[in-house]
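Just so it is clear, none of the values below were taken in a lab; they were calculated from the coordinates. Source: prediction; values computed, not measured. Here the Cβ is made from the backbone with ideal geometry for all residues, glycine too, and neighbour counts use every protein chain on show.
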Amino acid sequence: MNKMTIKTVLVMILSVSLFGACQTNQKKEQNVEATVKEDNAPDRKEIPFIVADRYFVNNTVKSIDNPKITTKEEFDSLFGMATAMGTNGLPTEIDFTKQYVIAVVKPETDYSTTLVPVSLQKNEKGEIVFSYKISKGEKQTYQIRPCLIVIVNKEAMGDVVLKEVE
């Protein structure tokens, strides 16, 4: 084989590898609009929400004082966009003029960890109670910062209370 053929083959292999790497990072995640009932208590009102995909916690953030985030400026100081190639690669849009977010951020871990929304309800005190559970997987060779962000319409106002459930 001559040098030109070897270079051509190497460029083709590199191109296929890069294309494949971009494709494997995509998940077929959909924004889930959910209202899951935690219990049938008559004094609790279900609140609809949307799970925000493709965001990560900025490295400079140690903790979040208030899980309720009402402005784009505050949100952008805490989270970055994890954009990927493809149709499902864009972060979920958030319109802070009509919506706010509730964020759950956990400490760094080397275990595969997913935060799963369970319910969002308004209790008898007028508080917004966001229930979630933690799904812990296998040990990894790298650290992650688990987070869960849900988008809520501003019509559902009140102090936010986070509740981890089993």
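Data for the structure
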{"read-out": "Estimated vicinal HN-Hα couplings, Hz - the range 149-162 in sequence order (Karplus 6.51, -1.76, 1.60; Gly, Pro = x)", "value": "10, 10, 9, 10, 5, 5, 4, 8, 9, x, 5, 9, 10, 8"}
{"read-out": "Residues with amide H under 5 Å from that of V118, placed H, sequence gap 5 or more", "value": "S131, Y132, K133"}
{"read-out": "Tensor-based shape of the range 51-106 (alpha-carbon gyration tensor, a/c under 1.5 rounded, otherwise prolate or oblate)", "value": "oblate"}
{"read-out": "Nonlocal amide H pairs with F49, under 5 Å, H built at 1.01 Å", "value": "A34"}
{"read-out": "Top positive-direction residue, dipole computed over the range 45-164 with Cβ charges, set F56, S135, P67", "value": "S135"}
{"read-out": "Other-chain or far-sequence residues with amide H under 5 Å of F96's (modelled H)", "value": "none"}
{"read-out": "Whole-Hz ³J(HN,Hα) from phi, Karplus 6.51 cos²θ - 1.76 cosθ + 1.60, for the range 79-88, glycine and proline x", "value": "10, x, 8, 10, 5, 10, 6, x, 5, 9"}
{"read-out": "Karplus (6.51, -1.76, 1.60) ³J(HN,Hα), θ = phi - 60°, over the range 134-145, in Hz, Gly and Pro reported as x", "value": "10, 10, 9, x, 7, 5, 10, 8, 9, 9, 10, 10"}
{"read-out": "Global form of the range 53-166, assessed from the alpha-carbon gyration tensor, a/c cut-off 1.5", "value": "oblate"}
